[in-house]
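*Asks:* Take this structure first; my questions come after.
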Amino acid sequence: MNQGSNPLPEGVETLGRIGLIAGLVGLALLGAGYATDREQLFRSYLTGYMWMLGLAAGALGVMLLHHVTRGAWGVVIRRILEAAASPLTLGFAAVAFLPIALGTHSLYEWTHAEVVAGDAILSHKKPWLNEPAFLGRSAAYLVLWIVLAAVFARLSARQDETGDRRIALSMQRWGAFGVVAFILSMTFAAFDWMMSLTPHWFSTIYGLYVIIGQAVAAMALVALAGLLLGEGPSPALPLQPRHLHDHGKLLFAFVCVWAYFGYSQFIIIWSGNLPEETTFYTSRLNGAWKVTTIVLVLLHYALPFALLLSRNRKRSAKALAPVAVLLLFARWLDLHWLVAPAFSANAFTLHWLDLAAPLALGGIWLRLFTLGLKARPLLPANEPFLKEALAHE
Amino acid sequence: MHGTHPEPSLHGVLAEFRTPDELLAAIESARAAGYTKLDAYTPYPIEKVLDALDLHHSKVPLLTLGAAIFGAVAVFSFAYWASAIDYPLNIGGRPLNSWPAFIPATFEGAVFHGGLAAALGMLVLNGLPRPHHPVFEVKRFVEHASKDGYFLLVEAEDPQFDVSAVRRLLEGLGPVEVNDLEN
C-alpha cells in the first residue's frame, strides 16, 4: 500500500503560475478601474470578492460538514478542502476585504448620515447598520473563519506527525462547533455585506441562500481538483468512481437546495406581496434584469440538474468537470444578480471590471490553493478511517 | 401441487463457494462458457459481483424519471385547470394563472410519483414479494447464504442450459457443493 505517494501532477504548478499571472493582470485592471470609475470598481469588487470567498469559505463549510459526518467522500478530499480553506486563503480573504471596508461610502447607502437622518427605517436600523459596528463584525467573521481554518490545519498536522487516534475525535467536536459558528457568521456576513446594499429590504433566508451557493462552489472545485489530481495511470490522489459519485451527488444536492432556498424566498415574498419586500423582485423579474434571472435559473439549476441526473456523469471526473465549470460561472452570475441590480434597478449592467475582479481575486486564491496542495501529502495518512475510505468494494 | 407434474421442472443449478474471489472466478467461467442467466447470492453486497453480473443497468431510474415528469405535468395542469378554467377566482388581484403558487405542488407531485414509481418499479422488476424460492430447498443455502456462503445460480431459462454440462462446469470450479433446484 503506497497510495497517495505519487507526485503531484505538473498541472498543479502550472495552475499556480496561471493563477498568479491572472491575479496580477486582474489587479492591474482593478487599479485602472480605480483611476477611471471608482464607484463601479467597488461594486464589481464586492461581487468578485464574494465569488472568491465562496471557494474558500465554501470549502471550509464542506470540510466542517465532513468532520461532523465522517464519510469516505470527505476523507479523500480533506486535503483539497484544507488547501482551499487554509489560514493562508482565508487570511487573503481578510486582506482582500480592505477595499470593501474603504469603499463603504460608495457601496452602502446607510453609511451616509444625511440619508439615515431623513429615513425612519434606516434610523431604526442604525444600532446594527452603522460603520463601526459593520467593520467590527466584518473583522470578527473573518477572524473566526481564519481561526477555524487554523485549528483544522493544526490538528491535521498533528495527526500526520503523531498518529494519535484521538485527534480525529477532536476534529469531529470542532466540526460540530464549527458548522454552527460558520453558518451563523456567514449568515450575518451575507446580511452585512450584500443584503444591506438595499437596506430597506430584508429576507431571513438570504444568508442560507448565499451559504448554499458557496457549498456549490466548493463541490464544483472538488470536482475539478479531482480531475487534476485523480486521473491518469498513477494519480496523486487515488479517487475511485464511487468517491466521484459521492462528490457528484453532493454537488447535485447543493444545486437543488440552492434552487429550493431561492424559490422559498421568492414564493414567500410573492405570496405576501408587501411593497417593502417585493422591491427585490420587481427589478429582477419584470424589468431590465428579467433575462438575467431566467439565464441564472437555467445555468444554476435546470441545466446542471439535468446533467447531474446521470449516474455515469457523476462517476467520471472528466464528465463532471464541464458541469463544475458551468457552476463556477453560475456562481458569479448569481452574485452579480444579487449585487448589481441594487445599483441599477432599471438597466442591466455588465462592466469590464465585473470580470477583472473575479480574475484578480480568484487568480490569487488559486495561487494560494496550489501552495496549500503542495505543502502536505494529499492523503491524511493517520486518519483512522483512511483504509476504509480507500478500500475497493 | 403433487401429482400434477410427475417430472418436476428444473429451476437451475446452484453451486456454493467459500470466498467472494471463488464466486467471482465462477461467474467469469460461467460467462466465458456462454451462460447469461446467472444470479449470485452473497451475505453482503459485493460491488464486483454486481459488475461481473452486469446488474447495474436497472430500468428503475428511467421509470422514476418518467413518472416524475408525468407527476409534475399532471399536477401543474390540474392546478392550472382548477384555478384558471374550472373555478376562476380573483385572489388578491393576482392573475388566474398564478404559476408561482403551483410550483410547490408541482414539485411534490414529481417527488411523489417518482418515489412511487421507484418503489413499485423495483417490486415489479425484481419479482417481489415472493413467499418461496427454489433456493430455499437447499439446506446449506438456508444456513450459509446470509452468513458465510457465496452462491452462484445458473438458471434453467438460459438458452444454453443443459443440466449435465452446467454441473460439470460448476463442479470443476471447486465448489462446496452443487445442487439441482426444482421448481
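The values are calculated or read from the model by the stated rules, or taken from the named source; none is laboratory data. Predicted model, so just to flag it, every value in this text is computed and none were measured. When we count neighbours, we look across all protein chains shown, and the Cβ atoms used for this are built from the backbone with ideal geometry, even at glycine. The area values use the complete protein model at the heavy-atom level, side chains included, leaving out ligands, DNA and RNA. Shrake-Rupley method; radii C 1.70, N 1.55, O 1.52, S 1.80 Å.
*Asks:* Does A:R315 satisfy the condition of being at pLDDT 95 or above and open to solvent by 50 Å² or more (accessible area, probe 1.4 Å)?
*Replies:* Criteria not met by A:R315.
*Asks:* Follow-up. Within region B:50-84, track down each residue that is open to solvent by 100 Å² or more (accessible area, probe 1.4 Å), over 14 Å from B:A110 (Cβ atoms) and away from every other protein chain (no Cβ under 14 Å).
*Replies:* Of everything in region B:50-84, just one residue is open to solvent by 100 Å² or more (accessible area, probe 1.4 Å), over 14 Å from B:A110 (Cβ atoms) and away from every other protein chain (no Cβ under 14 Å), namely B:W81.
One line per residue, one yes/no per condition, for (1) under 18 Å from A:R242 (Cα atoms); (2) open to solvent by 10 Å² or more (accessible area, probe 1.4 Å); (3) of a type in the set (K, R):
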site: A:G71; (1), (2), (3): yes, yes, no
site: A:I77; (1), (2), (3): yes, no, no
site: A:S86; (1), (2), (3): no, yes, no
site: A:T89; (1), (2), (3): no, no, no
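*Asks:* Can you say whether A:A153 is open to solvent by 10 Å² or more (accessible area, probe 1.4 Å), over 29 Å from A:V339 (Cα atoms) and part of a helix (DSSP H, G or I), as far as the supplied structure shows?
*Replies:* yes
*Asks:* I would also like to ask the following. Take the residues in region A:107-120 that are out of contact with any helix residue (DSSP H, G or I) (no Cβ under 8 Å at 6 or more places or on another chain) and in a helix (DSSP H, G or I), then tell me which one is nearest to A:L81 (Cα to Cα).
*Replies:* A:A113
*Asks:* Further question on the same structure: Can you name every residue in region A:97-134 that is within 22 Å of the chain's Cα centre (by Cα), crowded, with 17+ Cβ neighbours inside 10 Å and of a type in the set (A, V, I, L, M)?
*Replies:* Result: A:I100, A:L107.
*Asks:* Let me spell it out: the conditions are (1) of a type in the set (A, V, I, L, M); (2) open to solvent by 40 Å² or more (accessible area, probe 1.4 Å); (3) over 21 Å from A:P238 (Cβ atoms), and A:L15 meets all of them except one. Which number is the exception?
*Replies:* (3)
*Asks:* Taking the residues in region A:135-147 that are open to solvent by less than 30 Å² (accessible area, probe 1.4 Å) and in contact with a helix residue (DSSP H, G or I) (Cβ under 6 Å, 6 or more places away or on another chain) as candidates, determine which candidate is nearest to A:L64 (Cα to Cα).
*Replies:* In this case the residue turns out to be A:W145.
*Asks:* Quick one: in region A:279-291, which of the residues that are surrounded by fewer than 18 Cβ atoms within 10 Å (Cβ to Cβ) and more than 15 Å from A:Y206 (Cβ to Cβ) is nearest to the other protein chains (Cβ to nearest Cβ)?
*Replies:* Restricting to residues being surrounded by fewer than 18 Cβ atoms within 10 Å (Cβ to Cβ) and more than 15 Å from A:Y206 (Cβ to Cβ), the top hit is A:L285.
*Asks:* Still on this structure, please answer the following. With the requirement that a residue be aliphatic (A, V, I, L, M), touching a Leu at 6+ places or on another chain (Cβ under 9 Å) and part of a helix (DSSP H, G or I), what does region A:187-208 give you?
*Replies:* Once the filter is applied, which keeps residues that are aliphatic (A, V, I, L, M), touching a Leu at 6+ places or on another chain (Cβ under 9 Å) and part of a helix (DSSP H, G or I), region A:187-208 yields A:A189, A:A190, A:M195, A:L197.
*Asks:* Please go through region B:85-120 and give me each residue that is outside any loop (DSSP other than H, G, I, E, B), closer than 22 Å to A:Q265 by Cβ and either open to solvent by 60 Å² or more (accessible area, probe 1.4 Å) or among the aliphatic types (A, V, I, L, M) (or both), ordered by number.
*Replies:* B:W99, B:A101, B:I103, B:A105, B:F107, B:E108, B:A110, B:V111
*Asks:* Give me a count of the residues in region A:239-253 that are in a loop (DSSP other than H, G, I, E, B) and surrounded by fewer than 19 Cβ atoms within 10 Å (Cβ to Cβ).
*Replies:* So the answer is 1.
*Asks:* Report, by residue number, each residue of region B:40-49 that is at pLDDT below 90 and either away from every other protein chain (no Cβ under 14 Å) or in contact with a strand residue (DSSP E or B) (Cβ under 9 Å, 6 or more places away or on another chain) (or both).
*Replies:* B:I46, B:V49
*Asks:* Is it the case that A:A347 is of a type in the set (G, A, S) and modelled with pLDDT under 95?
*Replies:* yes
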